[in-house]
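Working notes, beginning with the structure itself.
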Amino acid sequence: MRAFVSVERLRFILNRFRERLWVKPLAMCVLSIGAAFAATLADSALSEQFVPDISQDSIEALLSVMASSMLVIATFSVTSMVSAYASASSTATPRSFTLIVADDSSQNALSTFVGAFIFSIVAITASKNAYFDKTGLFVLFAITVLVFAIVIVKFVTWVDSIARLGRVGSTIEKVEKATAAALERRRREPSLGGVPRGDGPAEGDPVYASSIGYVQQIDMSALSAWAEAEDARVVVDALPGTFASSDRVLAYVRSGAGTERPGGDYSGVVNAFQIGGDRLYEEDPRFGLCVLAEIAGRALSPAVNDPGTAISVVSRLLRLFTDWSQPVDEATLFSTIQFDRIEVPTIATRDMFDDAFTAIARDGAGTVEVCVRLQKALRSLAASENAETRDAARYHARLALERAEHALRVSADLEAVRGACVAAD
């Protein structure tokens, strides 16, 4: 049984809260109520002779203007954000929705507008009921002016952000950023802090999933604590992004001495695997690659016919794989091993290339400019110092060329693709 909630699981939960649109506005509402009532503390902390006279009517007039305008602006911002979310889902892919919702600029703007509205309502109510003395009214006036300034600055900056939110280019940029972060974490911790798993078949008692869905996260700290308590070794078989069902093995368990364990209570192992209905970006680098490929595939559909977007995606994939192929010092890799009782498989580069390039090569086979750009990207990756990257790039270059040979009908187009293909050298 798990005796604690690890930092990893807490971080995972906090990240899910960050994707909820109501969290920041709720926090800002609480802060706004506190700010409105904090003005009364000045009545006992400062002498009235040190503050100027502020008309209560002028403060209430300002607060009334803020209350009426902020309600309108908050409603407008929600409408604009919903339109941006719908645009991202229809023009890019529904899988980008979580990234669009988690956009800090939009969440902060909505929080500011809602918080200013709540602040004005609470402050008006308190002021009309003579809650503030002379000093409190002055502090309330100062806070009101500050809130006005914050709202104006936030609105001006938010207008620029909302104009871009939901556009294909902005969505691709967000997906690339999330994928790059996930790839960098996995590049530096290829086994999630555990021991790299060997190539042979795993031995031990199989532990099956208790629910159906995608593995979203593996709580390595909790898994290690269970293995320590049970004097066991755990061989992970399902990385984040794996679809789990009742017949899917999550991990194998054997004794610390390496022998197979008799059947036992493996609920601690099962609980360490967070399973949900959707794949997530931060723990699953391959998901980001799939989403980028999906955006390119939609752009290449006859209904959209936008090869420029597909070419942009290919360029970003080239950048991602180039960063992924950078060598990591052996000492650095060794220092990342924190859980020596857990064996975790690494992600195969060939699998990531399959996720990224197969759909683009298939859907863009009849578009010469996409084929040429894809071949140039694969040629660049084939020159990498990383052997797995070189092999995967050459394999996909041959595969993309074969698809192009079946789809392109003009000999000059085919020659252009062959000339760019590294496998044709």
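Coordinate-derived values only; no laboratory data. Note that the coordinates shown come from a computational prediction; the quantities given were computed from them, not determined experimentally. Glycine also receives a Cβ, built like all others from the backbone with ideal geometry; neighbour counts cover every protein chain displayed.
The table below lists the values:
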quantity	calculated
Residues with amide H under 5 Å from that of ALA251, placed H, sequence gap 5 or more	VAL207, ASP237
For the stretch 359-410, diffusion coefficient by Stokes-Einstein and Kirkwood Rh (Cα), 25 °C, 0.890 mPa s, µm²/s	224 µm²/s
Label point distance in nm, ASP278-ILE150, each placed 7 Å from Cα along Cα→Cβ	2.9 nm
Cβ-based exposure ranking for PHE17, PHE113, PHE353, in which fewest neighbours within 10 Å come first	PHE17, PHE353, PHE113
Order by protection proxy (mean Cβ within 10 Å, highest first), peptides 363-369, 198-204, 80-86, 8-14	363-369, 80-86, 8-14, 198-204
Label-point separation, ARG248 to PHE76 (7 Å along Cα→Cβ), nm	4.6 nm
Added length on full extension, which subtracts the Cα-Cα distance from 0.36 nm per residue, ARG11 to ASP199	64.5 nm
In Å, descending, principal axis extents of the Cα set of the stretch 150-218	62, 30, 26
Quotient of Cα Rg and 2.2 N^0.38 Å for the stretch 284-424, N being how many residues it contains	1.15
Shape metrics for the stretch 189-276, restricted to C-alpha atoms - Rg then Dmax, Å	12.0, 34
Two-decimal log10 I(q)/I(0) for the stretch 105-166, as the Debye equation yields it once each C-alpha is a single scatterer, q = 0.20, 0.24 Å⁻¹	-0.77, -0.95
Fewest-first sequence of ARG95, ARG362 by Cβ atoms within 10 Å of each Cβ	ARG362, ARG95
Relative contact order, percent, the chain [alpha-carbon distance under 8 Å, six or more residues apart]	16 percent
Linear extension gain, SER161 paired with ALA229, 0.36 nm per residue minus alpha-carbon span	19.4 nm
20 Å-binned pair-distance histogram of the chain (Cα, whole percent)	22, 40, 29, 10, 0
Fewest-first ranking of ILE152, ILE162, using other Cβ atoms within 10 Å as the exposure measure	ILE152, ILE162
Span-rule helices in the chain, defined as complete DSSP H runs reaching 20 Å or more along the axis (Cα) with Kyte mean at least -0.5	23-38, 56-91, 104-128, 134-164, 285-299, 307-324, 349-363, 368-382
Gained length - SER68 relative to ARG319, 0.36 nm times residue gap less alpha-carbon distance	85.6 nm
